[in-house]
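Following: one structure in structure tokens, then a few remarks.
The numbers here are math on the coordinates, done by the rules we state, and not lab data. Note that the coordinates shown come from a computational prediction; the quantities given were computed from them, not determined experimentally. Because the Cβ atoms are built from the backbone with ideal geometry, glycine has one as well, and the counts that use them run over all protein chains shown.
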């Protein structure tokens, strides 16, 4: 696989994965996240690489020393080749995501999952609905959405792309007045996020409350300036769970 100048979608995706693994505070967990995103078992990946499944397990659990560049390259190449054998489902999804950006200000996946309560704390969030659900949920990524542009520009097919690689994410809406439209969109679509965040709404309509309650989705408000909110969302890439001694 060419990691250099060939900028087709497959190579761009490979570079994205390599960068996440290399920079991750928990590279084993990031390898596992991507393997599961490709819907490939440890056994299937190990068979393709001609190694024991315990080797993959040891990397993911970090019982084995973090892999070097050459090993990361082999792992990613194997994921790509297996995906192509399965119809290139993930590669096609990435291509579609790259073409859809109307209303999407930023869309990112975290190297490791973050407990929802920690996520809310990091963005100075106030929980309006379903606070008890925070302890049951994790955040695998975020999508920052310009509500006005999204409503005007995203059709039902495009809307799927705001979920990135996982529905276990925070949908963060800015440009909110009363919050009805985003929750209506969440309500009618079969895919559901882990949490919904409203950035500086003028107020939150009772309908938005009721829809969040009906879907049992934590609804959060943050009053941070947009630049600060965006910075904190990205700072969570460095989040690392404290190990119990």
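Take the chain, connect every pair of alpha-carbon atoms lying under 10 Å apart with a spring to form a Gaussian network, then pick out the residue of 186, 197, 172 with the largest mean-square fluctuation. Comparing 186, 197, 172 in a Gaussian network model of the chain, the most mobile one is 186. Taking N as the residue count of region 102-238, its C-alpha radius of gyration divided by 2.2 N^0.38 Å amounts to 0.93. With each label modelled as a point 7 angstrom along the Cα→C-beta vector, the residue 191-residue 214 pair spans 2.2 nm.
Compared with the dominant Cα axis of the chain, that is its longest principal axis, helix 226-235 is turned about 30°.
With neighbours defined as other Cβ atoms within 10 Å of a residue's Cβ, the residues 120, 188 order from fewest to most as 188, 120. Each Cα pair under 8 Å and six or more residues apart adds its sequence gap; the mean of these over the residue count of the chain is a relative contact order of 18 percent. Tally the DSSP beta bridges in the chain and give the antiparallel ones as a percent, rounded to 5. Once the DSSP bridges in the chain are tallied, antiparallel ones form about 45 percent. Considering helices alone, the calculated mean residue ellipticity of the chain at 222 nm is -14000 deg cm²/dmol, with DSSP H runs of length four and up weighted by -39500 (n - 2.57) and normalised per residue.
Helix 9-23 and the longest principal axis of the Cα set of the chain meet at an angle near 90°.
For region 9-93, the relative contact order is 33 percent, taking Cα pairs closer than 8 Å that sit 6 or more residues apart in sequence and dividing their mean separation by the residue count. All alpha carbon pair distances within the chain were sorted into 10 Å bins beginning at 0; the resulting P(r) in whole percents reads 7, 30, 33, 21, 9, 1.
Cβ crowding within 10 Å, taken as a proxy for footprinting-reagent exposure, orders 119, 237 from fewest neighbours to most as 237, 119.
In terms of the mean number of neighbouring beta-carbon atoms within 10 Å, the peptides 209-222, 124-137, 39-52 order highest first as 209-222, 124-137, 39-52. Working from label points 7 Å from Cα in the Cα-to-Cβ sense, the residue 205 to residue 237 distance is 3.6 nm.
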